Amino acid sequence: MTIIFVCKKCHRPFFFWNYRKNKYAGPPEPSAVVVMFNGRCPYCGHPLSVPSIDDIIIRLREGKKNEGNV
């Protein structure tokens with residue numbers, strides 16, 4: 001599982017978190033990611049904010065088995 005943070009303005013991904021590489025640490029809080037980038041998109045400078053529930057998109061890869069995790 002990969003979590004990707006994307007800028008709302010330029011739509012470029014600026015942070016990736018991979019479960020297989022970081023499974024013991026757990027995913028970062030969205031507010032922590034905003035702080036990591038000083039509250040600005042590293043590409044366009046647009047202010048970052050914590051995503052609302054409507055901003056979150058869950059996609060399953062085709063051809064992959066669901067591991068039963070929700």
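Using 0.36 nm per residue and subtracting the Cα-Cα separation, the extra length available between Lys9 and Arg59 on full extension is 15.9 nm. Residues whose amide H comes within less than 5 Å of that of Arg40, counting only those at least five positions distant or on another chain, are Leu48 (H built at 1.01 Å from N in the peptide plane). Summed over the residues of the chain and divided among them, the accessible surface reaches 89 Å² per residue at a probe radius of 1.4 Å.
Summarise the long-distance tail of P(r) for the chain by giving the % of C-alpha pairs beyond 20 Å.
On the way: 839 of 2415 pairs.
In whole percent, the long-distance tail amounts to 35.
Just the protein heavy atoms count here, and of the accessible area of the chain at 1.4 Å, carbon and sulfur take up 54 percent.
The values are calculated or read from the model by the stated rules, or taken from the named source; none is laboratory data. Because the structure is predicted, anything quoted here is derived from the model rather than measured. Accessible surface areas use protein heavy atoms only, side chains included; no ligands, DNA or RNA. Shrake-Rupley method; radii C 1.70, N 1.55, O 1.52, S 1.80 Å.
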